[in-house]
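Student: Supplied in structure tokens, the structure appears directly below.
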Amino acid sequence: MRPVVVLGVGLIRFGRYPDVPVAELGQRACWAALDDAGVAWRDIPVAYCGHAFQGSTMGQRVLNRIGLTGVPIINVENACASGSTAFVAAYQAVASGMYDVALALGVEKMSFKGMIDATRPDDIERPLGTGAMPTKYALIARRYMDDYGLTAAALAQVSVKNHANGCRNPYAQHQRRLTLDEVQQSRMISDPLTLYQCSPTGDGAAAAVITTEAVARQRSAGPFVRVAGCAVGSQVFVPGEPDDISEITKRTSRRAYEMWGGGPDDLDVVELHDCFTIAEICHYEGLGLCGEGEGQHLLASGATGIGGRIPVNPSGGLLSRGHPVGATGMAQIAEITWQLREQAGERQVTGAKAGVTHTLGGGGGMACAVTVLTR
């Protein structure tokens with residue numbers, strides 16, 4: 001496999017755009033990525049578009065606005081990991097030698113508000129109400145509390161940290177600091193998860209242009225952000241654990257780390273899937289940042305804050321930056337790219353040389369994508 005680098009990234013601020021078509025949101029992100037890479041659309045030979053709720057040929061609807069050039073446009077639907085999976089597919093196309101350049105896009109317009117139901121019409125969880133995402137994660141939180149003594153205040157602290165980070169990110173949907181009391185006293189959604197412990201729905205788009213290291217060196221002197229490792233996984237059967245978010249994260253991240261040749265101790269910055277506060281704590285453990293049951297202590301120590309030993313979600317994460325499902329993974333790629341280029345402004349992690357992105361989504365099988373980027 002050939003060395004592959006991220007040549008350019010583009011992102012629009014996540015939020016609600018009731019009067020802007022979803023294709024235009026994607027177009028804006030693509031133009032930004034192309035401009036950042038210094039590449040013209042006519043020089044892109046293949047494109048991959050990740051989305052979850054936009055229907056067929058979403059990629060064509062976005063990219064036809066930029067220009068009808070006849071290139072293959074591959075649409076990817078993989079729940080919350082859709083954008084990340086599109087990026088991995090683009091990486092594979094370039095690394096394998098099939099193409100020298102590729103564009104990856106993640107885009108979503110979530111006009112609805114409220115909970116996402118991950119069940120199928122015939123799923124027993126639908127009439128029980130346990131198929132709604134807040135309920136699934138509330139059950140995970142309750143079990144973690146019982147097993148490891150996690151308190152409600154410690155759980156809410158994830159939201160405090162990530163909203164503080166989001167205030168430093170001009171692309172974040174919510175740029176407001178929250179106190180611990182505000183988080184805990186916000187409206188209860190699914191006990192123990194309150195409103196500010198749930199990521200918001202919204203609209204957004206992000207894109208990246210990737211190419212071989214050889215082509216990149218023809219265009220720039222660097223430094224370059226390299227795709228050092230990546231993996232996409234789905235769930236395996238674990239008796240008594242229908243939605244084991246730690247197992248799938250451990251297995252998928254291990255494959256990405258093995259491809260990289262490094263491990264969690266070698267990471268400098270992390271963007272992970274904090275769809276709910278409990279998810280961030282569990283994913284600390286799944287990604288190997290700490291041992292089982294130690295996620296709450298890692299958070300309390302300040303290690304995951306900007307300036308800590310291993311900053312997590314300096315962008316504000318899903319809780320603050322927002323979670324337009326198909327765009328989330330590509331927004332993480334943009335954030336880690338900026339961090340490694342030292343272009344992250346007020347939220348810059350000093351000396352970052354290796355970062356990881358992690359997305360997890362779906363029900364009844366789940367999907368997980370992990371990518372390691374290095375400078």
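Student: Could you work out the equivalent-ellipsoid semi-axes for the range 221-375, taking the square root of 5 times each eigenvalue of the Cα gyration tensor, largest first, in whole Å?
Tutor: The answer is 23, 17, 15 Å, longest axis first.
Student: Please work out whether the range 150-250 counts as rounded, prolate or oblate from its C-alpha gyration tensor, where a ≥ b ≥ c are the square roots of the eigenvalues and a/c under 1.5 means rounded, while otherwise a/b larger than b/c means prolate and anything else oblate?
Tutor: Verdict is oblate for the range 150-250.
Student: Gly229's amide H: which non-local residues (gap 5+, or another chain) put their own amide H closer than 5 Å, with H modeled 1.01 Å from N in plane and none for Pro or chain starts?
Tutor: Distant-sequence amide H within range of Gly229: Val372.
Student: Checking the a/c ratio against 1.5 first, then a/b against b/c, what shape does the Cα gyration tensor give for the range 26-102?
Tutor: Judged from the Cα gyration tensor, the range 26-102 comes out oblate (a/c at least 1.5, b/c at or above a/b).
Student: Using each residue's phi in the range 182-197, evaluate 6.51 cos²θ - 1.76 cosθ + 1.60 at θ = phi - 60° and report the 3J(HN,Hα) Karplus result to the nearest Hz, with x for Gly and Pro.
Tutor: The phi angles translate into 4, 5, 5, 8, 5, 4, 6, 9, 8, 3, x, 8, 8, 3, 7, 9 Hz.
Student: Using packing as a proxy for protection, rank 310-323, 15-28 so that the peptide with the highest average count of other Cβ atoms within 10 Å comes first.
Tutor: Per-residue mean Cβ counts within 10 Å order the peptides as 310-323, 15-28.
Student: In which sequence would His283, His51 go, from the one with the fewest C-beta neighbours within 10 Å to the one with the most?
Tutor: Ordered by Cβ neighbours within 10 Å, fewest first: His283, His51.
Student: What lysines does Lys109 reach when the alpha-carbon gap must be under 20 Å and sequence neighbours fewer than 8 apart in one chain are set aside?
Tutor: Cross-link targets: none qualify.
Student: Can you classify the range 193-310 as rounded, prolate or oblate using the Cα gyration tensor, where a ≥ b ≥ c are the square roots of its eigenvalues, rounded means a/c under 1.5, and otherwise it's prolate if a/b beats b/c and oblate if not?
Tutor: prolate
Student: For Lys250, which aspartates and glutamates qualify as cross-link partners when the Cα separation must be under 20 Å and same-chain residues fewer than eight apart are set aside?
Tutor: Partners found: Asp147, Glu241, Glu258, Asp265, Asp266, Asp268, Glu271, Asp274, Glu280, Glu285, Glu292, Glu294.
Student: Here's another thing I want to ask about it. Rank these for me by crowding, Cys30, Cys282, going from fewest to most other beta carbons within 10 Å.
Tutor: Fewest to most other Cβ atoms nearby, the residues stand as Cys282, Cys30.
Student: Related question: If packing is taken as the mean number of other Cβ atoms within 10 Å per residue, what is the order of 212-219, 1-8, highest first?
Tutor: 1-8, 212-219
Student: While we're looking at this one, here's another question. Provide Lys353, Lys136, Lys109 in ascending order of the number of other Cβ atoms located within 10 Å of each residue's Cβ, fewest first.
Tutor: Lys353, Lys136, Lys109
Student: Given the C-alpha atoms of the range 305-347, compute the convex hull and give its volume per residue in Å³.
Tutor: Convex hull of Cα atoms, per residue: 71 Å³.
Student: May I have the extent of the alpha carbons of the chain along their three principal axes, as whole Å values ordered from largest to smallest?
Tutor: 55, 44, 41
FYI, it's all coordinate maths here, none of it is from the lab. Since the structure is predicted, the reported quantities are computational estimates derived from the model, not experimental observations. Here the Cβ is made from the backbone with ideal geometry for all residues, glycine too, and neighbour counts use every protein chain on show.
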